[in-house]
Amino acid sequence: MSAALPVIVAVTGASGAPYAVRLLEALLAAQRMVWLVISSHGWRLLEVESDIRDVSELREQLGSANWDNLVTVFDDADRGATPASGSALNAGMVICPCSMGTLAAISTGASRSLVERAADVALKERRRLILVPRETPLSAIHLENMLRVTRAGATVLPAAPGFYHRPSEITQLVDFVVARVLDHLGVDHQLGRRWNAGEDAEGD
């Protein structure tokens, strides 16, 4: 049943727009419905890091056919939109990237925006909530907030790519993180090579 339900994807202001775009590409390639919420700072991030200024440019980047069939966009200022209700069934939520401000708000149940409210709903309904922070170094406050949301049921999945697959391109580093997000969402994918201690470094 969960594969037929939409995945909520939120984009906030932490650096890491390529992760967000690649995650959306992978979800659409897997024919998964997406409820998309982008904060004002998320839009600024997409423009600065990926030259994507608005919904039409994001739609063009991801492909209009899949977009029109699978993506529903919600205004982050609309706290009464569909993802704000626990009765609106979905397959979970991922915030990628997740700013430390957003993480802090979720850790306290602030619910000041649709992104924050949808995350609060995911926690109370015991649904998947995956937060992808991209910040360094981490303060004690950041770490305490991560512990709070983890204890509440969220998965904190930092944008920290590995190197055992011998990446030679930035896209491979992006795919490493996105693959881990998809794994935790339960979405099949073919992004990258999984670790196998019996393989040589080059693979075969």
Quiz item: Do we find a residue being surrounded by fewer than 16 Cβ atoms within 10 Å (Cβ to Cβ) and out of contact with any Leu (no Cβ under 9 Å at 6 or more places or on another chain) anywhere in region 5-28?
Solution: no
Self-check item: Flag for Ala3 being out of contact with any helix residue (DSSP H, G or I) (no Cβ under 7 Å at 6 or more places or on another chain) and of a type in the set (A, V, I, L, M, F, W, C)
Solution: yes
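Could you check region 1-91 for helices (runs of 4 or more DSSP H) lying wholly inside it with 1 or more residues that are of a type in the set (S, T, N, Q) and free of Cβ contacts under 8 Å to residues at least 40 places away in the same chain?
Working: elements: 17-29, 40-50, 55-62, 64-70.
Here the list reads 40-50, 55-62, 64-70.
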Quiz item: Do we have any residue at all in region 68-91 that's over 22 Å from Thr150 (Cβ atoms), surrounded by fewer than 18 Cβ atoms within 10 Å (Cβ to Cβ), of a type in the set (S, T, N, Q) and touching a strand residue (DSSP E or B) at 6+ places or on another chain (Cβ under 8 Å)?
Solution: yes
Quiz item: How many of the residues in region 98-107 are in contact with a helix residue (DSSP H, G or I) (Cβ under 6 Å, 6 or more places away or on another chain) and touching a residue at least 40 places away in the same chain (Cβ under 8 Å)?
Solution: 5
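So, in region 92-143, exactly how many residues are among the aliphatic types (A, V, I, L, M) and part of a loop (DSSP other than H, G, I, E, B)? First the steps, then the outcome.
Taking region 92-143 and keeping what is among the aliphatic types (A, V, I, L, M), we get 93-95, 100, 103-106, 110, 114-115, 118-119, 121-123, 129-132, 138, 140-141, 143.
Add one more test, that the residue is part of a loop (DSSP other than H, G, I, E, B), and what stays is 110, 138.
Residues meeting the conditions: 2.
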Exercise. Return yes or no: is Asp175 touching a residue at least 60 places away in the same chain (Cβ under 8 Å), surrounded by fewer than 13 Cβ atoms within 10 Å (Cβ to Cβ) and not hydrophobic (A, V, I, L, M, F, W, C)?
Key: no
Quiz item: Which members of region 150-166 meet the condition of being among the aromatic types (Phe, Trp, Tyr) and in contact with a Phe, Trp or Tyr (Cβ under 8 Å, 6 or more places away or on another chain)?
Solution: Tyr164
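Values quoted throughout were computed directly from the atomic coordinates according to the rules given, and no laboratory measurement underlies them. No experiment lies behind these values; they were computed from the predicted model shown. Glycine also receives a Cβ, built like all others from the backbone with ideal geometry; neighbour counts cover every protein chain displayed.
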